[in-house]
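K.L.:
I'd like to ask some things about the structure below.
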Amino acid sequence: MDQTFKEILASFKKNGMRITVQRKRLLALILKSPGMSPKELFYSAHKADSSIGRATVYRMVNSLQELGYIRRQYITIEPSQTMQHFG
């Protein structure tokens with residue numbers, strides 16, 4: 001985790017992104033708990049540090065996506081056989 005943490009921070013710096021205390025805390029939380037949704041990430045981060053807001057979390061997630069460290073996953077809901085009768 002430590003190496004990945006340093007690599008991502010170096011990538012932020014290389015791409016002209018600010019490295020704030022909030023970003024470091026979010027990154028540590030993301031690396032510690034992969035698979036967390038942005039909403040879950042916000043609640044956990046905000047509980048630990050009330051200065052971390054929703055916008056900070058979503059900007060961080062978007063930055064990590066742009067740099068190729070994370071990817072967005074979509075959930076598709078398919079209707080069951082019984083639900084098709086109502087459509």
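The values are calculated or read from the model by the stated rules, or taken from the named source; none is laboratory data. Quick caveat, the model's predicted, so the values are computed rather than measured. Reconstructed Cβ throughout: ideal geometry from the backbone, glycine too, with neighbour counts over all protein chains shown. Heads up: the accessible areas ignore ligands, DNA and RNA and are worked out on the full protein's heavy atoms, side chains in. Shrake-Rupley method; radii C 1.70, N 1.55, O 1.52, S 1.80 Å.
K.L.:
Tally time: how many residues in region 14-30 are within 18 Å of HIS46 (Cα to Cα) and not aliphatic (A, V, I, L, M)?
P.N.:
Of the residues in region 14-30, 5 are within 18 Å of HIS46 (Cα to Cα) and not aliphatic (A, V, I, L, M).
K.L.:
Based on this model, can you work out whether GLY16 counts as at pLDDT 90 or above, of a type in the set (Gly, Ala, Ser) and not in a helix (DSSP H, G or I)? Before the answer, list the steps.
P.N.:
Values: at pLDDT 90 or above: yes; of a type in the set (Gly, Ala, Ser): yes; not in a helix (DSSP H, G or I): yes.
Considered against the rule, which asks whether it is at pLDDT 90 or above, of a type in the set (Gly, Ala, Ser) and not in a helix (DSSP H, G or I), GLY16 comes out as yes.
K.L.:
Search region 31-56 for residues being hydroxyl-bearing (Ser, Thr, Tyr), free of Cβ contacts under 8 Å to residues at least 24 places away in the same chain and not in a helix (DSSP H, G or I), and hand back the single one that is most open to solvent (accessible area, probe 1.4 Å).
P.N.:
Only one residue fits best here, namely SER50.
K.L.:
From the list ARG59, ARG71, ARG23, ARG18, which one is out of contact with any Pro (no Cβ under 9 Å at 6 or more places or on another chain), of a type in the set (Lys, Arg) and open to solvent by less than 60 Å² (accessible area, probe 1.4 Å)? Before you say what the answer is, go through the steps one by one.
P.N.:
Working: ARG59 fails: open to solvent by less than 60 Å² (accessible area, probe 1.4 Å); ARG71 fails: open to solvent by less than 60 Å² (accessible area, probe 1.4 Å); ARG18 fails: open to solvent by less than 60 Å² (accessible area, probe 1.4 Å).
Unique residue meeting the criteria: ARG23.
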